[in-house]
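A.B. asks: What follows is a structure written as structure tokens; I'll ask about it next.
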Amino acid sequence: MSMPIFDRAARALSAGALALGLAACEVAPDGTVAPTRGFLSGLVGPEAGAGLEAMSDPNGGTGVEPPAAVELARGDIVVGGLEGYCIDPRSLRTSRQGAFAALGPCARIVDAEAPPVVEPLLLTVTVGPRRRGIDLPSAETFARLTGAPARPAEAPEGFVLVRLDTGGDQALEDGDPRHWRGVFQQNGRLVSLALYAPRDSVLAGDQGQRLMIEVYESISTLSDRSNAADAAGSGG
């Protein structure tokens, strides 16, 4: 691959439609972007676009070992625990309204030309602001809200997962149009996941579904553990 694995993704996603779309905003036929009404409104902040823009590094990799896990949104959300995949530190963004992080193969984040050790992918995590009474949609409703051909997928209770049939090739160089999106509630925040993979990758199929579930379960476990530790430390 002649450019960093994230380079084209960063340029395409930060350009507008997909940067907001991966967090389930609505893209009108004329290309304008409007916040999704209802349960997803307010999820996307400027940190998502800024995080992806920062990953468009003409020099490729970071040259340093990336973190395997990070705390987002004042520690409410912890992302990590995936063997072979790390957080690109250039993508990290946080604000009062939420946070954003992108993950990929650890070796490729360090050196864009490194040989693959795990399946290449771009996985994004977008965290919304704290809210009360978050109601998740059904998988069918979530599929409809994506605004693209999509099908609901089986997932654990509390995690809404769909596979989209188009759009993934706009995020990765030679990417597969099929990609995955999921949403769940964690510690009073809405968390949105998106997974993009190269064309014909097993991650565009059932293996991507399994990985999305693994990411969801990892974030839930790590975040619960972190919040329990904070509560214990404060005597709560």
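We did not get these values from a lab; they are worked out from the coordinates using the rules stated. Everything numeric in this text was worked out from a predicted model, so none of it was measured. Note that we place each Cβ from the backbone using ideal geometry, even for glycine, and neighbour counts take in every protein chain shown.
A.B. asks: Can you tell me how segment 154-236 classifies by the Cα gyration tensor, rounded, prolate or oblate, using a/c under 1.5 as the rounded cut? Could you put the intermediate results ahead of the total?
C.D. replies: Numbers: a/c = 2.98, a/b = 2.73, b/c = 1.09.
Cα axes put segment 154-236 in the prolate bin.
A.B. asks: A follow-up question, please. What distance in nm separates the simple spin-label points at ASP206 and GLU140, each placed 7 Å from Cα in the Cβ direction?
C.D. replies: Label at ASP206, label at GLU140, 2.5 nm between them.
A.B. asks: Determine the sum of side-chain charges near PRO66: Lys and Arg each +1, Asp and Glu each -1, restricted to other residues whose C-beta is under 12 angstrom from that of PRO66. Could you put the intermediate results ahead of the total?
C.D. replies: Details: positive: ARG90, ARG108; negative: GLU65, ASP88, ASP111.
That works out to -1.
A.B. asks: Assuming R0 = 45 Å, can you tell me the calculated FRET efficiency for the pair GLU154 and ALA229, based on Cβ-Cβ distance, to the nearest 0.05?
C.D. replies: 0.90
A.B. asks: If I model a spin label at THR166 and ALA68 as a point 7 Å from the Cα along the Cα→Cβ vector, what separation in nanometres do I get?
C.D. replies: Label at THR166, label at ALA68, 4.1 nm between them.
A.B. asks: Quote to one decimal, in nm, the extra length available between VAL118 and GLN97 on full extension: 0.36 nm per residue of separation minus the C-alpha distance between them.
C.D. replies: Roughly 4.3 nm would be gained on extension.
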